[in-house]
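K.L.:
Structure in structure tokens, see below.
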Amino acid sequence: MIHVLILAGGLGTRLRPLSLSIPKPLVPVVDMSILAHQLRFVDSVSHKDLHINAFYMASLLKAEAQRLNIPNVWVETPKILGTAGPLYRLFKAGIEGDLLVMNSDCYHQMDMHSFVRNAKNSSAPISLLGVDRPEINTLQVKSSLLSGVQGVFGEPSMEKLTFSGIAFYKNSVLNQILEEDFSIVSFWKRFIQEGGEIAVDQTQKNAIWIDMGTPKGFMQANLARLKEMKLNHWIDKKHPLYPKENDFDQSIVHLDTQIAEGAKLKNVVLLKGAQVLEGEYVENQIRGENFFWEV
């Protein structure tokens, strides 16, 4: 049995004001929520037990988890537990078995079955899935092992990667996470300094991976999902405009949006409450109720 923990307890500050009314994991990326996409990504992993943590707007996350048949929701109270605390909590609750951890704000097309297989076969008790993004690479890697994190610990290395937010922890190492651990990076630092090894899987470093926790990344994820679906545009089937022909190039239109006659869209995401005026041409923009982002 593999336990899968989706970290969904963050505040979503990078997506405000959108995330003031909805927790980030429930924000839609084309046809489904970010959280639902995470389940889709991990579908290839067999014999798994699903878990999510929740803090901000926990009641909404619990309701969505029930709808998605996620049996285990760990509500954090009275304070948020960071990225290491949720792992400690599962272990202390007696959850035994290997643990696959995923951030709830990345869109990717990675082979999770392959990553889990590699992690199980590795001699290292911890494996991180790395991606190559030169503009943000912070993982220091030597001989396929983590040697440090830029600005936090370790010596600079010639090889750098970005942490995808996807990690695998063998059951044997989970008891080393402490109650006072908040940041998982702090745990990595202590683990390595005490002689432990953390593998960095580079086999999928050039795969599609998008941090969709920012407006720019959110737009990129929507366009990537459109491409994956082989669609030029997407309109919610319950929207009055569906399935009429419209001048909506590479655009996504959700329910409860108002679009006047003659409007044209290009690279646009219209979220609940968005309005487009008569004859208006909108390009490279995300619109919601009383806000918009230029992307």
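K.L.:
I need the full set of residues from the stretch 183-204 which are of a type in the set (S, T, N, Q) and in contact with a Gly (Cβ under 7 Å, 6 or more places away or on another chain), in order please.
P.N.:
Answer for the stretch 183-204, where residues must be of a type in the set (S, T, N, Q) and in contact with a Gly (Cβ under 7 Å, 6 or more places away or on another chain): Ser183, Gln202.
K.L.:
Within the stretch 208-216, is even one residue assigned to a helix (DSSP H, G or I), farther than 30 Å from Met1 by Cβ and touching a residue at least 24 places away in the same chain (Cβ under 8 Å)?
P.N.:
Yes: the stretch 208-216 contains one or more residues that are assigned to a helix (DSSP H, G or I), farther than 30 Å from Met1 by Cβ and touching a residue at least 24 places away in the same chain (Cβ under 8 Å).
K.L.:
Could you tell me which residue of the stretch 42-60 is surrounded by the most Cβ atoms within 10 Å (Cβ to Cβ), considering only residues that are in contact with a helix residue (DSSP H, G or I) (Cβ under 6 Å, 6 or more places away or on another chain) and in a loop (DSSP other than H, G, I, E, B)?
P.N.:
Checked the stretch 42-60; the qualifying residue surrounded by the most Cβ atoms within 10 Å (Cβ to Cβ) is Val42.
K.L.:
Report the residue count in the stretch 142-179 for those that are over 24 Å from Asp98 (Cβ atoms) and loosely packed, with under 15 Cβ neighbours inside 10 Å.
P.N.:
Selection size over the stretch 142-179: 7.
K.L.:
With the requirement that a residue be out of contact with any Phe, Trp or Tyr (no Cβ under 8 Å at 6 or more places or on another chain) and among the small types (Gly, Ala, Ser), what does the stretch 164-184 give you? First the steps, then the outcome.
P.N.:
The first filter runs over the stretch 164-184 and keeps only residues out of contact with any Phe, Trp or Tyr (no Cβ under 8 Å at 6 or more places or on another chain), leaving 165, 167, 169-172, 180, 182-184.
Those that are out of contact with any Phe, Trp or Tyr (no Cβ under 8 Å at 6 or more places or on another chain) and among the small types (Gly, Ala, Ser): Gly165, Ala167, Ser172, Ser183.
K.L.:
Name the single residue, out of those in the stretch 203-218 being crowded, with 18+ Cβ neighbours inside 10 Å and of a type outside the set (D, E, K, R), that is farthest from Lys120 (Cα to Cα).
P.N.:
Pro215
K.L.:
Something else about it: Just to be sure I understand, how many residues within the stretch 258-293 are basic (Lys, Arg), assigned to a strand (DSSP E or B) and within 21 Å of Ser19 (Cα to Cα)?
P.N.:
As a first pass, look at the stretch 258-293 and keep what is basic (Lys, Arg): 264, 266, 272, 287.
Subset that is assigned to a strand (DSSP E or B): 264, 266, 287.
If we keep only those that are within 21 Å of Ser19 (Cα to Cα) as well, we get 287.
Of the residues in that region, 1 qualify.
Every number here is computed from the coordinates shown, using simple stated rules; none is lab data. Treat the numbers as computed from the prediction; the structure is a model and nothing was measured. Positions of Cβ are backbone-derived with ideal geometry, glycine not excepted, and every protein chain shown enters the neighbour counts.
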